[in-house]
Amino acid sequence: MKIRGRFAPTPSGDPHPGTIQTALLAWLSARAQGGRFILRIEDVDGARVVPGAAERMIETLDWLGLDWDEGPGVDGPHGPYVQSRRTGFYQEMLDRLINRGLAYPCACSRSFLAQLNLPRDPEDGALIYPGICRAPDPERFRELELRGRPPAWRFRVEPETAAFHDLIQGPVSQEVSRGAGDFVLKRGDGYFAYQLAVTADDIAMGVTEVVRGTDLLFNTPRQLLLLRALGGKAPVYAHMPLLLGPDGEKLAKRHQAPSIWKLKQQGASPGGITGWIASGLGLCEPGARLKPAELLKSWDIRRIPARPRVADMGELLRACQT
Ligand code: GLU
């Protein structure tokens, strides 16, 4: 089987060290197996998109030497590779689910659900939808129509356990009906939900392996149910350890995590940045400066630690010096 990996960033801000670590690992895994690498821009949630962020990501990957065979600027058989240009396809996938009774309209707004004090999934904090609109209240749908708002659409989740073996995190399982409930496929504001877009695209683009951060680990059981419903074959999953800030939370802007694009603009060494990420994962000696391709020879995904680590920002800034 031909390996097809992908990196699927959301252009909601500048590329930061955690995102670039994921890109590097996804690239290494695909390339080390002689596979193809896809870059997909996940701008399906227009409200989160920051103008110019996709371009900055593309420039940064290019500068680091993380190339792609299909994606923006490189046409391929499964394009377009930008989600905002694929909404007709997502609607087709949603219609397929609706026609089979696997999706239903929902009149519950976020504010309506917030008042209900619903339980949240301990794994990822997602609100557990209790299936209110499985038995639709015509009055609430009429109100929605009067306000000129279309309903949201939810996936009908039956009680069962979705399980998979993650290459890094080991066995993972979840009963999605308890962990998330009937999750959203299309929102009331007309945007397609991440779960539908990412699953439909992974199927359509023939993705055979998904390498991404552990912050998305508990999205996978939901995506497995959708994959099956849409007739797709489950890819192999490898959820990579996160980079943390000094407070032990996922590294983010509020930790003053530097933008890798800005470091590039300031004349940083691309090899130093790759070396900093790779040495943090034990893939090379600290202080090494190298191109991603130089890591291919010794690449073994089993060497990647499962646990997250606190990012050493001082060391990153030293590694950047040319
Ligand atoms: N677009 C998602 C993000 O940037 C990642 C999606 C995925 O890798 O499945 O968080």
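The values are calculated or read from the model by the stated rules, or taken from the named source; none is laboratory data. Just so you know, these numbers come straight off a predicted model, no measurement behind them. Heads up, the Cβs are rebuilt from the backbone with ideal geometry, glycines too, and the neighbour counts pull from every protein chain shown.
Values computed for the structure shown
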item: Set Ile38, Ile3: member being touching a Gly at 6+ places or on another chain (Cβ under 8 Å), within 13 Å of the ligand (Cβ to nearest atom) and farther than 26 Å from Pro258 by Cβ; result: Ile38
item: In the stretch 194-204, residue nearest to the ligand (Cβ to nearest atom) [restricted to those that are crowded, with 21+ Cβ neighbours inside 10 Å and of a type in the set (A, V, I, L, M, F, W, C)]; result: Val198
item: In the stretch 53-75, the residues that are assigned to a loop (DSSP other than H, G, I, E, B) and either in contact with a helix residue (DSSP H, G or I) (Cβ under 8 Å, 6 or more places away or on another chain) or modelled with pLDDT of 95 or more (or both); result: Gly65, Leu66, Asp67, Trp68, Asp69, Pro72, Gly73
item: Subset of the stretch 85-110 [surrounded by fewer than 16 Cβ atoms within 10 Å (Cβ to Cβ), at pLDDT 95 or above and basic (Lys, Arg)]; result: Arg85, Arg96, Arg100
item: Sole residue being outside any loop (DSSP other than H, G, I, E, B), within 15 Å of the chain's Cα centre (by Cα), more than 24 Å from Arg254 (Cβ to Cβ) and of a type outside the set (Val, Ile, Thr), chosen from Ala30, Ala26; result: Ala26
item: Sole residue being in contact (Cβ under 8 Å) with a residue 60 or more places away in the chain, surrounded by 16 or more Cβ atoms within 10 Å (Cβ to Cβ), farther than 28 Å from Ala53 by Cα and hydrophobic (A, V, I, L, M, F, W, C), chosen from Ile273, Ile301, Ile277; result: Ile301
item: Any hit, the stretch 180-203, residues being at pLDDT below 95 and closer than 20 Å to Pro17 by Cα; result: no
item: Residue check, Ser29 within 30 Å of Ala152 (Cβ to Cβ), within 16 Å of the ligand (Cβ to nearest atom), of a type in the set (Ser, Thr, Tyr) and touching a residue at least 24 places away in the same chain (Cβ under 8 Å); result: no
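Yes/no matrix, rows are residues, columns are (1) under 27 Å from Glu209 (Cα atoms); (2) out of contact with any Gly (no Cβ under 6 Å at 6 or more places or on another chain); (3) not in a loop (DSSP other than H, G, I, E, B):
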residue	(1), (2), (3)
Tyr104	no, yes, yes
Phe112	no, yes, yes
Glu139	no, yes, yes
Leu144	no, yes, yes
Pro150	no, yes, no
Ala163	yes, yes, yes
Pro171	yes, yes, yes
Arg178	yes, yes, yes
